[in-house]
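The values are calculated or read from the model by the stated rules, or taken from the named source; none is laboratory data. Predicted model only: the values in this text are computed from it and were never measured. Every residue, glycine as well, gets a Cβ built from its backbone with ideal geometry; the counts of neighbours run over all protein chains shown.
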Amino acid sequence: MTRFMRYTIDIEPQDDVYRGLLSLGSAKCSMATLVLRDQHRSSNQTRILHLLDPFLREVRFVEEWPGTQLIGHKAELREYLVTSKLVEVLSNVADRLYAWQEPDHPEDLCLFRSSGQVWLASISHEQDAYLLITNEEVVELREKVPLLRLSRDEDNECGNLGHSTPAGRGT
């Protein structure tokens, strides 16, 4: 049985560290999500959404996504197909992970494995992010993105399930 452990990202990934994290994530993941809470779009947010449109798979209104649960209202969750071109767009429109905040950007970039399990979750306005990864992936991250600062969350061994896709899809 594959064991996934939760690793908190201790220092916000920026510039080369951010791009390296996205690059490695694109090799591990098939889906990305971003969230829109506000109905009013800034011109920059509209521009970013237009750039992301070619990768859009689905739009849903949800009460929760990794790291966030709303009470009494919903947000628009946009699901994207992960490709090298998507990573290029994500890298060009933001130079750091926590830049994904309204009003100028959609919020809370997350990456999901093909199984639907979270690989990367971010809660940008709280400057919080974590990875659900195997011991082998930790070694790979440390080799390929050596400046990424992680700490293992001992209380969150995820076993075979971990977190599922947004809005309760998956296990």
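Six or more apart or on different chains, Cβ atoms under 7 Å: show the pairs whose first residue is in the stretch 96-115 and touching a residue at least 40 places away in the same chain (Cβ under 8 Å) and under 18 Å from LEU24 (Cβ atoms) and whose second is outside any loop (DSSP other than H, G, I, E, B) and hydroxyl-bearing (Ser, Thr, Tyr).
Hits for this filter: ARG96/TYR18; LEU97/TYR18; LEU97/SER122; TRP100/SER122; TRP100/SER124; LEU109/SER122; CYS110/THR33; CYS110/SER122.
I need the full set of residues from the stretch 33-44 which are surrounded by 18 or more Cβ atoms within 10 Å (Cβ to Cβ) and of a type outside the set (A, V, I, L, M), in order please.
Hit for the stretch 33-44 is THR33, nothing else.
Just wondering, is there one or more residues in the stretch 54-73 that are of a type in the set (D, E, K, R), surrounded by fewer than 16 Cβ atoms within 10 Å (Cβ to Cβ), out of contact with any Gly (no Cβ under 6 Å at 6 or more places or on another chain) and outside any strand (DSSP E or B)?
no
In the stretch 123-132, what count of residues is obtained for those that are in a helix (DSSP H, G or I), surrounded by fewer than 23 Cβ atoms within 10 Å (Cβ to Cβ) and among the polar types (S, T, N, Q)?
So the answer is 0.
Looking only at residues that are small (Gly, Ala, Ser) and either surrounded by fewer than 21 Cβ atoms within 10 Å (Cβ to Cβ) or touching a Ser or Thr at 6+ places or on another chain (Cβ under 7 Å) (or both) in the stretch 95-122, which one is nearest to HIS50 (Cα to Cα)?
Result: ALA99.
Among the candidates TRP119, TRP100, single out the residue that is in contact with a Pro (Cβ under 7 Å, 6 or more places away or on another chain), among the aromatic types (Phe, Trp, Tyr) and modelled with pLDDT of 95 or more.
On inspection, the qualifying residue turns out to be TRP100.
Working only within the stretch 100-124, note down all residues that are more than 13 Å from the chain's Cα centre (by Cα) and more than 18 Å from LEU90 (Cα to Cα).
SER114, SER115 - these are the residues of the stretch 100-124 that are more than 13 Å from the chain's Cα centre (by Cα) and more than 18 Å from LEU90 (Cα to Cα).
Output the residues belonging to the stretch 1-40 that are more than 14 Å from the chain's Cα centre (by Cα) and assigned to a loop (DSSP other than H, G, I, E, B).
Correct list: MET1, THR2, ARG3, ASP10, ILE11, ARG37, ASP38, GLN39, HIS40.
If I ask for residues that are over 24 Å from ARG113 (Cα atoms), assigned to a helix (DSSP H, G or I) and not basic (Lys, Arg), which ones from the stretch 41-53 would you list?
If the condition is that a residue be over 24 Å from ARG113 (Cα atoms), assigned to a helix (DSSP H, G or I) and not basic (Lys, Arg), then SER43, ASN44, GLN45, THR46, HIS50 are the ones that fit.
If GLU137 meets every condition in (1) in a loop (DSSP other than H, G, I, E, B); (2) at pLDDT 95 or above apart from one, which number is that one?
In the conditions (1) in a loop (DSSP other than H, G, I, E, B); (2) at pLDDT 95 or above, GLU137 misses (1) alone.
In the stretch 10-32, which residue that is in contact with a Ser or Thr (Cβ under 8 Å, 6 or more places away or on another chain) and under 24 Å from GLN69 (Cα atoms) is surrounded by the fewest Cβ atoms within 10 Å (Cβ to Cβ)?
By that ranking, first place goes to ASP10.
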